[in-house]
1. State the number of residues belonging to region 316-327 that are open to solvent by 30 Å² or more (accessible area, probe 1.4 Å) and under 23 Å from the mean Cα position of the chain (by Cα).
2. The conditions are (1) outside any strand (DSSP E or B); (2) within 15 Å of the ligand (Cβ to nearest atom), and Phe286 fails exactly one of them. Which is it?
3. Which condition breaks for Ser221 when tested against (1) open to solvent by 40 Å² or more (accessible area, probe 1.4 Å); (2) modelled with pLDDT under 95; (3) closer than 16 Å to Ala187 by Cα?
4. Conditions: (1) assigned to a loop (DSSP other than H, G, I, E, B); (2) more than 9 Å from the ligand (Cβ to nearest atom); (3) of a type in the set (A, V, I, L, M, F, W, C); (4) surrounded by fewer than 18 Cβ atoms within 10 Å (Cβ to Cβ). Ile330 meets all but one. Number of the miss?
5. List the number of the failed condition for Ile259; all other conditions in (1) surrounded by 21 or more Cβ atoms within 10 Å (Cβ to Cβ); (2) out of contact with any strand residue (DSSP E or B) (no Cβ under 9 Å at 6 or more places or on another chain); (3) at pLDDT 95 or above hold.
6. Using the structure shown, decide if Arg68 is touching a Leu at 6+ places or on another chain (Cβ under 9 Å) and in contact (Cβ under 8 Å) with a residue 24 or more places away in the chain.
7. Between Pro292, Pro313, which is within 16 Å of the ligand (Cβ to nearest atom), open to solvent by less than 60 Å² (accessible area, probe 1.4 Å) and touching a residue at least 24 places away in the same chain (Cβ under 8 Å)?
8. From (1) at pLDDT 95 or above; (2) under 26 Å from Ala36 (Cα atoms), pick out the condition that doesn't hold for Pro296.
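The values are calculated or read from the model by the stated rules, or taken from the named source; none is laboratory data. Just so we're clear, the structure is a prediction, and the values are computed from it rather than from any experiment. So basically every Cβ, Gly included, is an ideal-geometry build from the backbone, and we count neighbours across all protein chains shown. Heavy atoms of the whole protein, side chains included, go into the accessibility calculation; ligands, DNA and RNA do not. Shrake-Rupley method; radii C 1.70, N 1.55, O 1.52, S 1.80 Å.
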Amino acid sequence: MPQTLIIAPNWIGDAVMSEPLVKEIRQTGASISILATPWVAPVYRAMNGITEIIEADFSHGKLELAQRWALARQIQHKHFDNALILPNSWKSVLIPWLAKIPARYAYKGELRSLFLNKALPNPPKIDRPPMVEHYLALAKLIGSASSPKLEMSRPLLHVDENQLKAAKDLLATFPNPDQVYILAPGAEFGPAKQWPSEHFAKLAELILNDSSMTNVVFMGSHKDKMIAQKITQQIPQRYQERVFNLCGKTSLDQSIALISKAKALASNDSGMMHIGAAFNIPQVAFYGSSDPHHTPPLSPFAGILFLGLDCSPCHQRKCPLGHLNCLRQITPESALTELNQRIYQLKVI
Ligand code: SF4
(Lines give C-alpha, C1' and ligand atoms only; values in the text may rest on other atoms or scores of the structure.)
Protein backbone atom coordinates (compact mmCIF):
# COMPACT_ATOMS: atom_id res chain seq x y z
CA MET A 1 0.00 0.00 0.00
CA PRO A 2 1.53 3.36 -1.00
CA GLN A 3 2.09 5.81 1.82
CA THR A 4 1.32 9.49 1.39
CA LEU A 5 2.33 12.32 3.69
CA ILE A 6 0.24 15.49 3.45
CA ILE A 7 1.79 18.70 4.77
CA ALA A 8 -1.27 20.49 6.13
CA PRO A 9 -2.12 24.14 5.61
CA ASN A 10 -1.84 26.50 8.58
CA TRP A 11 -5.37 27.89 8.56
CA ILE A 12 -8.30 26.00 10.05
CA GLY A 13 -10.60 26.79 7.12
CA ASP A 14 -8.02 25.62 4.59
CA ALA A 15 -7.56 22.41 6.58
CA VAL A 16 -11.32 21.75 6.40
CA MET A 17 -11.26 22.43 2.65
CA SER A 18 -8.53 19.80 2.18
CA GLU A 19 -10.91 17.02 3.31
CA PRO A 20 -12.10 16.15 -0.24
CA LEU A 21 -8.43 15.74 -1.21
CA VAL A 22 -7.92 13.34 1.71
CA LYS A 23 -11.03 11.44 0.62
CA GLU A 24 -9.77 11.29 -2.97
CA ILE A 25 -6.36 9.94 -1.97
CA ARG A 26 -7.98 7.36 0.29
CA GLN A 27 -9.85 6.06 -2.74
CA THR A 28 -6.53 5.30 -4.45
CA GLY A 29 -5.83 2.83 -1.62
CA ALA A 30 -2.96 4.85 -0.14
CA SER A 31 -2.46 5.21 3.58
CA ILE A 32 -2.46 8.87 4.62
CA SER A 33 -0.43 10.61 7.29
CA ILE A 34 -0.73 14.30 8.05
CA LEU A 35 1.97 16.67 9.26
CA ALA A 36 0.11 19.53 10.94
CA THR A 37 0.51 22.21 13.55
CA PRO A 38 -1.29 21.56 16.86
CA TRP A 39 -3.55 24.47 15.81
CA VAL A 40 -5.08 22.63 12.83
CA ALA A 41 -4.50 18.99 13.90
CA PRO A 42 -8.01 18.74 15.49
CA VAL A 43 -9.54 19.29 12.06
CA TYR A 44 -7.73 16.20 10.77
CA ARG A 45 -8.77 14.22 13.85
CA ALA A 46 -12.33 14.88 12.65
CA MET A 47 -11.66 13.32 9.22
CA ASN A 48 -12.10 9.65 8.36
CA GLY A 49 -9.36 7.39 7.09
CA ILE A 50 -6.24 9.12 8.34
CA THR A 51 -3.61 6.71 9.59
CA GLU A 52 -1.52 9.11 11.64
CA ILE A 53 -1.29 12.79 12.51
CA ILE A 54 2.20 14.07 13.23
CA GLU A 55 2.00 17.34 15.15
CA ALA A 56 4.82 19.86 14.83
CA ASP A 57 4.93 23.49 15.79
CA PHE A 58 7.31 25.93 14.12
CA SER A 59 7.35 29.62 14.97
CA HIS A 60 5.84 31.78 12.28
CA GLY A 61 8.49 33.45 10.10
CA LYS A 62 11.41 31.46 11.56
CA LEU A 63 13.45 28.83 9.76
CA GLU A 64 14.31 26.67 12.83
CA LEU A 65 16.47 24.43 10.68
CA ALA A 66 17.72 22.21 13.53
CA GLN A 67 14.16 21.33 14.56
CA ARG A 68 13.18 20.69 10.94
CA TRP A 69 16.19 18.40 10.50
CA ALA A 70 15.27 16.44 13.64
CA LEU A 71 11.67 16.00 12.51
CA ALA A 72 12.76 15.06 8.97
CA ARG A 73 14.96 12.29 10.40
CA GLN A 74 11.97 10.83 12.29
CA ILE A 75 9.81 11.05 9.19
CA GLN A 76 12.49 9.42 7.02
CA HIS A 77 12.10 6.21 9.06
CA LYS A 78 8.46 5.99 8.05
CA HIS A 79 9.38 5.47 4.37
CA PHE A 80 6.71 7.57 2.72
CA ASP A 81 6.35 7.10 -1.04
CA ASN A 82 5.16 10.61 -1.76
CA ALA A 83 4.31 13.92 -0.16
CA LEU A 84 1.71 16.53 -1.06
CA ILE A 85 2.58 19.97 0.26
CA LEU A 86 -0.49 22.19 0.68
CA PRO A 87 0.99 25.47 2.00
CA ASN A 88 2.64 27.80 -0.52
CA SER A 89 5.73 28.75 1.47
CA TRP A 90 9.16 27.44 0.46
CA LYS A 91 9.78 26.40 4.08
CA SER A 92 6.89 23.94 3.93
CA VAL A 93 8.74 21.81 1.39
CA LEU A 94 11.87 21.49 3.52
CA ILE A 95 10.79 18.61 5.75
CA PRO A 96 9.68 16.23 2.95
CA TRP A 97 12.86 17.14 1.07
CA LEU A 98 15.14 16.64 4.08
CA ALA A 99 13.27 13.39 4.86
CA LYS A 100 14.18 12.19 1.34
CA ILE A 101 10.59 11.39 0.42
CA PRO A 102 11.11 10.34 -3.20
CA ALA A 103 8.12 12.11 -4.80
CA ARG A 104 7.20 15.61 -3.62
CA TYR A 105 4.28 17.42 -5.24
CA ALA A 106 2.73 20.83 -4.78
CA TYR A 107 1.87 24.06 -6.51
CA LYS A 108 4.92 26.04 -7.54
CA GLY A 109 4.33 28.40 -4.62
CA GLU A 110 7.22 30.57 -3.49
CA LEU A 111 10.35 29.79 -5.54
CA ARG A 112 10.55 26.15 -4.55
CA SER A 113 10.35 24.16 -7.79
CA LEU A 114 13.88 22.85 -7.22
CA PHE A 115 12.67 20.93 -4.18
CA LEU A 116 9.71 19.41 -5.98
CA ASN A 117 9.44 16.53 -8.44
CA LYS A 118 6.37 17.98 -10.04
CA ALA A 119 4.69 21.32 -9.49
CA LEU A 120 1.36 22.64 -10.69
CA PRO A 121 1.31 26.24 -11.91
CA ASN A 122 0.16 28.74 -9.32
CA PRO A 123 -3.49 29.80 -9.68
CA PRO A 124 -4.25 33.31 -10.94
CA LYS A 125 -4.26 36.05 -8.30
CA ILE A 126 -7.74 37.20 -9.29
CA ASP A 127 -10.69 34.91 -10.00
CA ARG A 128 -8.99 32.15 -8.08
CA PRO A 129 -10.68 28.73 -8.32
CA PRO A 130 -12.51 27.39 -5.28
CA MET A 131 -10.04 26.23 -2.65
CA VAL A 132 -11.46 22.70 -2.55
CA GLU A 133 -10.87 22.37 -6.30
CA HIS A 134 -7.38 23.86 -5.91
CA TYR A 135 -6.41 21.15 -3.41
CA LEU A 136 -8.21 18.36 -5.27
CA ALA A 137 -6.12 18.99 -8.39
CA LEU A 138 -3.10 17.70 -6.46
CA ALA A 139 -4.62 14.19 -6.20
CA LYS A 140 -3.97 13.65 -9.92
CA LEU A 141 -0.24 13.96 -9.28
CA ILE A 142 -0.25 10.83 -7.17
CA GLY A 143 -2.35 8.76 -9.52
CA SER A 144 -5.99 9.56 -8.77
CA ALA A 145 -7.80 8.85 -12.02
CA SER A 146 -11.21 10.24 -11.12
CA SER A 147 -12.33 13.80 -11.78
CA PRO A 148 -14.49 14.66 -8.80
CA LYS A 149 -16.97 17.45 -9.40
CA LEU A 150 -16.83 20.32 -6.96
CA GLU A 151 -20.50 19.95 -6.04
CA MET A 152 -19.83 16.29 -5.17
CA SER A 153 -16.74 17.18 -3.16
CA ARG A 154 -18.02 18.86 -0.06
CA PRO A 155 -15.82 18.69 3.02
CA LEU A 156 -17.38 16.51 5.72
CA LEU A 157 -16.19 16.12 9.30
CA HIS A 158 -17.11 13.62 12.03
CA VAL A 159 -16.95 13.70 15.80
CA ASP A 160 -16.04 10.64 17.85
CA GLU A 161 -18.43 9.40 20.54
CA ASN A 162 -16.39 10.63 23.51
CA GLN A 163 -16.19 14.15 22.18
CA LEU A 164 -19.83 14.13 21.27
CA LYS A 165 -20.75 13.08 24.80
CA ALA A 166 -18.53 15.83 26.24
CA ALA A 167 -20.21 18.38 23.96
CA LYS A 168 -23.68 17.16 24.96
CA ASP A 169 -22.72 17.38 28.65
CA LEU A 170 -21.60 20.98 28.17
CA LEU A 171 -24.73 21.85 26.18
CA ALA A 172 -26.86 20.32 28.93
CA THR A 173 -25.68 23.13 31.22
CA PHE A 174 -27.46 25.67 28.98
CA PRO A 175 -31.19 26.42 29.48
CA ASN A 176 -32.32 24.71 26.23
CA PRO A 177 -29.52 22.52 24.82
CA ASP A 178 -31.18 22.08 21.42
CA GLN A 179 -31.65 25.82 20.89
CA VAL A 180 -28.02 26.89 20.77
CA TYR A 181 -27.13 29.55 18.22
CA ILE A 182 -23.38 29.88 17.86
CA LEU A 183 -21.98 33.28 16.93
CA ALA A 184 -18.32 33.29 15.90
CA PRO A 185 -17.17 36.92 15.67
CA GLY A 186 -13.46 36.25 15.00
CA ALA A 187 -11.51 35.99 11.78
CA GLU A 188 -7.85 35.16 12.21
CA PHE A 189 -6.86 36.95 8.98
CA GLY A 190 -7.73 40.42 10.26
CA PRO A 191 -10.41 43.07 10.96
CA ALA A 192 -11.36 43.46 7.27
CA LYS A 193 -13.02 40.05 7.55
CA GLN A 194 -14.92 40.84 10.75
CA TRP A 195 -18.56 41.89 10.75
CA PRO A 196 -18.83 44.81 13.21
CA SER A 197 -19.28 43.91 16.88
CA GLU A 198 -22.44 46.05 17.22
CA HIS A 199 -24.00 44.01 14.38
CA PHE A 200 -23.18 40.74 16.16
CA ALA A 201 -24.71 42.21 19.34
CA LYS A 202 -27.89 43.22 17.51
CA LEU A 203 -28.15 39.83 15.81
CA ALA A 204 -27.79 38.15 19.21
CA GLU A 205 -30.54 40.38 20.57
CA LEU A 206 -32.83 39.54 17.63
CA ILE A 207 -32.24 35.80 18.12
CA LEU A 208 -32.86 36.03 21.87
CA ASN A 209 -35.97 38.13 21.31
CA ASP A 210 -37.32 35.69 18.71
CA SER A 211 -38.01 33.02 21.32
CA SER A 212 -37.50 32.70 25.07
CA MET A 213 -35.98 29.26 24.41
CA THR A 214 -32.93 30.39 22.46
CA ASN A 215 -29.36 30.59 23.76
CA VAL A 216 -26.55 32.51 22.12
CA VAL A 217 -23.06 31.10 22.53
CA PHE A 218 -19.99 33.01 21.36
CA MET A 219 -17.19 30.77 20.17
CA GLY A 220 -13.66 31.37 19.00
CA SER A 221 -10.08 31.29 20.17
CA HIS A 222 -8.56 33.18 23.10
CA LYS A 223 -7.84 36.01 20.62
CA ASP A 224 -11.59 36.49 20.18
CA LYS A 225 -12.29 36.72 23.92
CA MET A 226 -12.18 40.51 24.08
CA ILE A 227 -14.29 41.08 20.99
CA ALA A 228 -16.89 38.60 22.28
CA GLN A 229 -16.85 40.37 25.65
CA LYS A 230 -17.38 43.71 23.91
CA ILE A 231 -20.33 42.18 22.03
CA THR A 232 -21.95 40.57 25.07
CA GLN A 233 -21.77 43.90 26.95
CA GLN A 234 -23.95 45.45 24.24
CA ILE A 235 -26.71 42.85 24.65
CA PRO A 236 -29.53 44.09 26.93
CA GLN A 237 -29.42 42.85 30.53
CA ARG A 238 -32.77 41.02 30.26
CA TYR A 239 -31.22 38.49 27.85
CA GLN A 240 -27.92 37.96 29.66
CA GLU A 241 -28.85 34.68 31.35
CA ARG A 242 -29.07 33.12 27.87
CA VAL A 243 -25.75 34.50 26.60
CA PHE A 244 -22.51 32.54 26.99
CA ASN A 245 -18.99 33.52 25.99
CA LEU A 246 -16.89 30.40 25.38
CA CYS A 247 -14.16 32.13 23.36
CA GLY A 248 -10.80 30.82 24.52
CA LYS A 249 -12.46 28.35 26.89
CA THR A 250 -12.79 25.38 24.56
CA SER A 251 -10.16 23.52 22.57
CA LEU A 252 -10.66 23.24 18.83
CA ASP A 253 -11.61 19.56 19.30
CA GLN A 254 -14.34 20.67 21.72
CA SER A 255 -15.41 23.53 19.47
CA ILE A 256 -15.83 21.15 16.54
CA ALA A 257 -18.00 18.85 18.66
CA LEU A 258 -20.10 21.78 19.94
CA ILE A 259 -20.63 23.22 16.48
CA SER A 260 -21.77 19.80 15.27
CA LYS A 261 -24.68 20.01 17.75
CA ALA A 262 -25.63 23.67 17.22
CA LYS A 263 -29.02 24.74 15.95
CA ALA A 264 -27.43 27.46 13.79
CA LEU A 265 -24.22 29.38 13.24
CA ALA A 266 -23.46 32.97 12.24
CA SER A 267 -19.86 33.79 11.42
CA ASN A 268 -17.38 35.67 9.30
CA ASP A 269 -15.50 33.92 6.51
CA SER A 270 -13.47 31.87 8.98
CA GLY A 271 -12.47 28.40 10.11
CA MET A 272 -15.64 28.17 12.24
CA MET A 273 -17.72 28.81 9.12
CA HIS A 274 -16.12 25.89 7.27
CA ILE A 275 -16.53 23.61 10.29
CA GLY A 276 -20.24 24.46 10.46
CA ALA A 277 -20.64 23.76 6.75
CA ALA A 278 -18.91 20.39 7.14
CA PHE A 279 -21.69 19.40 9.57
CA ASN A 280 -24.61 20.84 7.55
CA ILE A 281 -25.41 23.32 10.30
CA PRO A 282 -27.84 26.03 9.10
CA GLN A 283 -25.64 29.08 8.86
CA VAL A 284 -25.10 32.59 7.61
CA ALA A 285 -21.63 33.83 6.63
CA PHE A 286 -20.56 37.44 6.15
CA TYR A 287 -18.16 38.23 3.32
CA GLY A 288 -16.60 41.61 2.60
CA SER A 289 -12.88 41.75 1.87
CA SER A 290 -12.70 38.08 0.86
CA ASP A 291 -14.10 36.24 -2.13
CA PRO A 292 -17.11 33.96 -1.56
CA HIS A 293 -16.36 32.14 -4.83
CA HIS A 294 -12.89 31.14 -3.66
CA THR A 295 -13.70 29.96 -0.14
CA PRO A 296 -17.47 29.41 0.11
CA PRO A 297 -19.05 27.36 2.88
CA LEU A 298 -19.84 24.21 0.91
CA SER A 299 -23.17 23.25 2.41
CA PRO A 300 -26.72 23.38 1.07
CA PHE A 301 -27.72 24.96 4.39
CA ALA A 302 -25.28 27.86 4.18
CA GLY A 303 -26.35 31.38 3.27
CA ILE A 304 -23.80 33.94 2.16
CA LEU A 305 -24.25 37.67 2.66
CA PHE A 306 -21.91 39.53 0.30
CA LEU A 307 -22.67 42.99 -1.07
CA GLY A 308 -20.18 42.90 -3.94
CA LEU A 309 -19.16 46.58 -3.62
CA ASP A 310 -16.82 47.96 -6.30
CA CYS A 311 -13.88 47.64 -3.90
CA SER A 312 -14.81 44.11 -2.84
CA PRO A 313 -13.13 41.66 -2.47
CA CYS A 314 -9.92 43.57 -1.71
CA HIS A 315 -8.18 40.71 0.17
CA GLN A 316 -6.72 43.18 2.67
CA ARG A 317 -6.35 42.51 6.38
CA LYS A 318 -7.48 46.06 7.27
CA CYS A 319 -9.90 48.14 5.25
CA PRO A 320 -7.73 50.46 3.11
CA LEU A 321 -10.68 52.87 2.78
CA GLY A 322 -11.23 52.99 6.52
CA HIS A 323 -15.03 52.47 6.44
CA LEU A 324 -15.51 48.70 6.08
CA ASN A 325 -18.76 49.31 4.23
CA CYS A 326 -18.57 45.86 2.64
CA LEU A 327 -19.45 44.38 6.04
CA ARG A 328 -20.94 47.37 7.86
CA GLN A 329 -23.79 47.60 5.34
CA ILE A 330 -24.86 43.99 5.93
CA THR A 331 -27.66 44.43 8.46
CA PRO A 332 -28.38 42.19 11.46
CA GLU A 333 -31.99 41.96 10.27
CA SER A 334 -30.88 40.49 6.93
CA ALA A 335 -28.63 38.07 8.82
CA LEU A 336 -31.54 36.83 10.95
CA THR A 337 -33.76 36.43 7.88
CA GLU A 338 -31.07 34.37 6.14
CA LEU A 339 -30.49 32.26 9.24
CA ASN A 340 -34.20 31.55 9.70
CA GLN A 341 -34.50 30.55 6.05
CA ARG A 342 -31.65 28.07 6.42
CA ILE A 343 -33.15 26.61 9.61
CA TYR A 344 -36.51 26.24 7.85
CA GLN A 345 -34.80 24.65 4.83
CA LEU A 346 -33.24 21.97 7.08
CA LYS A 347 -36.62 21.28 8.70
CA VAL A 348 -38.45 20.68 5.42
CA ILE A 349 -35.81 18.47 3.80
S1 SF4 B 1 -11.76 48.26 0.69
FE2 SF4 B 1 -13.86 47.64 0.35
S3 SF4 B 1 -13.78 45.39 0.34
FE4 SF4 B 1 -11.89 46.10 1.27
S5 SF4 B 1 -12.32 46.08 3.45
FE6 SF4 B 1 -12.74 48.17 2.70
S7 SF4 B 1 -14.91 48.22 2.23
FE8 SF4 B 1 -14.28 46.07 2.40
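1. Within region 316-327, the first condition is being open to solvent by 30 Å² or more (accessible area, probe 1.4 Å), and the residues that meet it are 316-323, 325.
Applying the additional criterion that residues be under 23 Å from the mean Cα position of the chain (by Cα) yields 316-319.
Qualifying residue count, region 316-327: 4.
2. Checking Phe286 against (1) outside any strand (DSSP E or B); (2) within 15 Å of the ligand (Cβ to nearest atom), the one that fails is (1).
3. (1)
4. (4)
5. Going through the list (1) surrounded by 21 or more Cβ atoms within 10 Å (Cβ to Cβ); (2) out of contact with any strand residue (DSSP E or B) (no Cβ under 9 Å at 6 or more places or on another chain); (3) at pLDDT 95 or above, Ile259 breaks only (2).
6. Details: touching a Leu at 6+ places or on another chain (Cβ under 9 Å): yes; in contact (Cβ under 8 Å) with a residue 24 or more places away in the chain: yes.
For Arg68, the condition - touching a Leu at 6+ places or on another chain (Cβ under 9 Å) and in contact (Cβ under 8 Å) with a residue 24 or more places away in the chain - is met.
7. On the way: Pro292 fails: touching a residue at least 24 places away in the same chain (Cβ under 8 Å).
Exactly one of Pro292, Pro313 is within 16 Å of the ligand (Cβ to nearest atom), open to solvent by less than 60 Å² (accessible area, probe 1.4 Å) and touching a residue at least 24 places away in the same chain (Cβ under 8 Å), namely Pro313.
8. Every listed condition holds for Pro296 apart from (1).
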